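Input: a single structure, listed below in structure tokens.
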Amino acid sequence: MDELTREFLIESQEGLDRMERCLTELETRPDDAALLGDIFRSVHTIKGTTGFLGFKRLEKLAHAGENLLGLLRDGKLNADRSLISGLLHLLDGLRSILKLIETEACEGIGEDTELIAELEALQSPALQLVGKNAATVSKPKVQRPKRIKVHAPLVSEVPAPPPSAPEKPEIKPQTTVQEAEPPCAQTKPAANPAATAAESTLRVDIVLLNRMMNLVGELVLTRNQVLQATAADPNMTMLSRRLDMVTADLRESVMKARMQPVSNIFSKMPRIVRDLSQSLCRRVRLEVEGQDTELDKSLLEAIKDPLTHAVRNSLDHGIEPPEVRVAAGKGPEGILKLRALQEGSHVIIEVLDDGAGIDVEKVRFKAIERGVVTNERAAQMVERELLQLIFLPGFSTATAVTNVSGRGVGMDVVRTNVEKIGGKVEIDSHVGKGTTLRLRIPLTLAIIPALIVRSLGQSFAVPQGSLSELVHVPAEEAAKTIEWIEGAPLYRLRGNLLPLVFLSLLLQPGSEHSVEALQDSFIAVLDVDGRRFGLVVDGLADPEEIVVKPLSAVLKNIGLYSGATVLGNAELALILDPGAIAAKAGVTISAREEEVHSTADQECGAEKPVEYLLVEVAGRRAAVLLDDVLRIEQLPLSRVEYIGYRPVVNFEGQLMPVKDSGELLAAARDRQSSGNEAKIIVVVCREGNRHVGIAVSQVLDVAAGSELFEAGTQQRTEGVTLLKEHVTGVVGLASVPPLPASECATDEWSKLAEAMA
Amino acid sequence: MSTTAKSQNSAKTSSLMEVCSVRLGQTWFGVPIVHILEIVGSARSQPVPLAPEYVGGLVHYRGDVLTTVSLRHLLGLPPKDGSQDILVLESVNGCFGLLVDLVGEVLTVSSADYEPNPSILDQRRKALFAGAYKLKDKLLVMLDSERLDPLRLGLHSAN
């Protein structure tokens, strides 16, 4: 395809998008001259350029549309509903031809006679009017040709209408061209900023951007290697630090270049809402919020369908017909709200409606009827769990549910699509009040935090998003702590049975697994929307920010991997897809106790309870704010070293102070003297920018804390919380004194170095 | 010198093609250089558990992760220890790597020397090979990137 055609396609596409927006707005403000002018210009531009490029079919259709729009703009027609429908059909017609040109480089041989006839039929009331007032209309015409000449460059591109066009409209194009001037003049000041924006922006091929993203990923890897290699050389420190910064900046800029506002997909919604509400006989007002929230281009593409689906669902099953609404004491017009906002590293897109909501009892009934859950199980399920059921594939097609209680069509598709890009779907519904569907989308697809695990002598990446905790199972305890029910391995996690999936067995189905041969292993507890299970791996490495590389189709078809990545040590790692592993291993929505736990996790409403890690320090119970906890390490005592009297742990050159309030280190040393190597447990926490370790005797549990108030004053107490019905002190991380500042540290290090030399 | 003169003579009646020769076991294979994007020497590919057997693994190639096809496995040869050379080939479904033992020189072959697959060749090889060129001292078995495409190999093994 030549450059000119491509440019034409892009421009026309943009013009049609604008036209679509204007058309839906026109419905509310049928007399808005600026809107009409805008619509007219979109079609006019297409017609002009097509003639130039020789697309006859497109030109003919655009011409018919232009005639109609001309009449409309001149006020000879009223923009009623049927007319706007006709114009939307025109829009669809133009789009489909453009699509043909884009894919097959020709406009196809189809005839648009029906559509053209429809457009002509819509003109008829005005044409009769023209016929009557022919005399008055023809008078000003005599003077106008002079003005055309002035604007000759503008007009010259517009070819003469094809001879096949009907007689009457042929008079109109001339008048429309002339009269295009006044609105143009009016909108000029408004069009100016747009022109300057066009000058300072550039169209970039998405393929090039993807390539840049790839190269930046590559640079990040190279940087990691350079940093590792030069860490020892003081001369290189400044240079490598600079490289580090520049790379980070570059990565951010390239990522920013891929960002697009969500208005790109939101703007498609008014049309969908309009069409659907008409065909479903609903009255719906669409409200949009946060249009300029930005999201990676590829993610934006990926959520287009799920979002359309969700909007469709809201209209179909959420918002009731006007008479039902009035009977329920609501206004006849339903409100559908689209909201986008950024929350940390996620963008949240909400589809809210004030419709009928989902009747969970109906869902419960249906679930039992369809055999999705047993009677007893259904009776135990709480509202939130029941709502989760509508995402099940079988459930979605259950027409009875959708007719009676709302929702259900293709919700599994919505969820699958959103999860495919690492997002999450949450739903909230109140009978009679409405439903909120929340799509949680990561800001960018390309780089995600992941935990690197080892199995079969290879590295694999597990996305942090689905990881809830890690459990270490020492070799000698493996036989005891991993229990089996007829070949199904289970682990007792704080009293609840957690189904286990051995990664090595999953990936090498042939290999026999003997309980005796168990080595030191780790259980990564994963939570994939209510499906909780433990993934047993041989080893853990540090968490890493990984650059996701797509896999070829043949490897994607295996179904367990969502991509691959290159680690800091230049090793390749496959990215595991927790959802697919759960499905493959047959993990379903878990037992009741865990449900309660996971619902507590998801309860991220306004009053989210603060969660604490409950630990035991020398016989006393203490709490650490869970959000601060990075990981829990079990270390041999020899790893703890001292700067003066202060205990520190050296993690590959990163020093971390250890708070030892319970004199546990001394106790461990005493134990060590009796022979075998003692181990200590260190909870690694984040305090501001630094990492702090807390030596503990035992990690007990994770629990939600409640606030305590001082008797009498009713003031909230600080540093204490109510955990599992016990008053528990919260470990203050800020009290850990910082390590010696950089100057002293280097001093000390240089002394050390001297001593070594 | 004489060979080039000869091939130039035959060029009047037949077309010439440049072919990269690769060795696997005892056989020399040829891949038209127009299909080759790059030759990566001595790379180690990372195995992918549960992948179809003919997939050699993954290699890191210019910021992308490339799926490789093990020619040894396709021909029923035992896997080779250590690193292999990789031809990066282009097919309609994207790029992939072909793992071979050794990459030889680029030869110019003439269509006059071309022979289709012999009838006694087994079905599996018939599906993989695209005929052979008779060289002076050996036969050069032609491979073509479309037939080796991992996605297509997958379809074949499924049937």
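The values are calculated or read from the model by the stated rules, or taken from the named source; none is laboratory data. Bear in mind the structure is a predicted one, so any value in this text is a computation, not a measurement. When we count neighbours, we look across all protein chains shown, and the Cβ atoms used for this are built from the backbone with ideal geometry, even at glycine. Accessible surface is based on the protein model in full, side chains and every heavy atom, while ligands, DNA and RNA are left aside. Shrake-Rupley method; radii C 1.70, N 1.55, O 1.52, S 1.80 Å.
Values computed for the structure shown
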quantity	calculated
Computed FRET value (nearest 0.05) for A:Lys420 with B:Arg125, which takes r as the C-beta separation and R₀ as 56 Å	0.90
Mean Cβ neighbour count within 10 Å, used as a protection proxy, ranking A:691-697, A:294-300 highest first	A:691-697, A:294-300
Rg/Rh (Cα only; Kirkwood hydrodynamic radius) as it applies to the stretch A:196-303	1.23
Per-residue average of Cβ from other chains inside 10 Å of A:270-277	0
Highest-fluctuation residue, B:Ile120, B:Ile86, B:Ile39 considered, GNM on chain B with Cα pairs under 10 Å	B:Ile120
For peptides A:303-313, A:109-119, A:235-245, A:82-92, sequence by mean Cβ density within 10 Å, most packed first	A:303-313, A:82-92, A:109-119, A:235-245
Pair-distance profile P(r), taking every C-alpha pair of the stretch A:206-257, with 10 angstrom steps and integer %	26, 45, 22, 7, 0
Förster radius 56 Å - calculated FRET efficiency between A:Lys256 and A:Glu641 (Cβ-Cβ, nearest 0.05)	0.85
In the stretch A:635-740, the GluC sites (Glu not before Pro) that fall in loop regions by DSSP, at most 14 other Cβ within 10 Å	A:Glu652, A:Glu663, A:Glu677, A:Glu707, A:Glu710, A:Glu718, A:Glu725
Most mobile listed residue (B:Glu105, B:Glu146, B:Glu18) in chain B, GNM with C-alpha springs under 10 Å	B:Glu105
GluC sites (Glu not before Pro) within the stretch A:410-504: DSSP coil, no more than 15 neighbouring Cβ in 10 Å	A:Glu486
Across A:Lys99/A:Lys337; A:Lys256/A:Lys424; A:Lys60/A:Lys297; A:Lys480/A:Lys679; A:Lys268/A:Lys556, pairs whose alpha-carbon gap is larger than 28 Å	A:Lys99/A:Lys337; A:Lys60/A:Lys297; A:Lys268/A:Lys556
Segments A:559-569, A:280-290, A:428-438 sorted - mean Cβ within 10 Å per residue, highest first	A:559-569, A:428-438, A:280-290
Of the trypsin sites (Lys or Arg not before Pro) in the stretch B:54-159, those whose Cβ has at most 10 other Cβ within 10 Å and which sit in DSSP loop	B:Lys136
Shielding by partners, peptide B:41-49 (average Cβ within 10 angstrom, other chains)	4
Rh (Kirkwood; distinct C-alpha pairs) - the stretch A:1-125, Å	14.5 Å
For residues of A:501-507, the mean tally of beta carbons on other chains within 10 Å	1
Accessible surface, 1.4 Å probe, highest first, among residues A:Lys549, A:Lys659	A:Lys659, A:Lys549
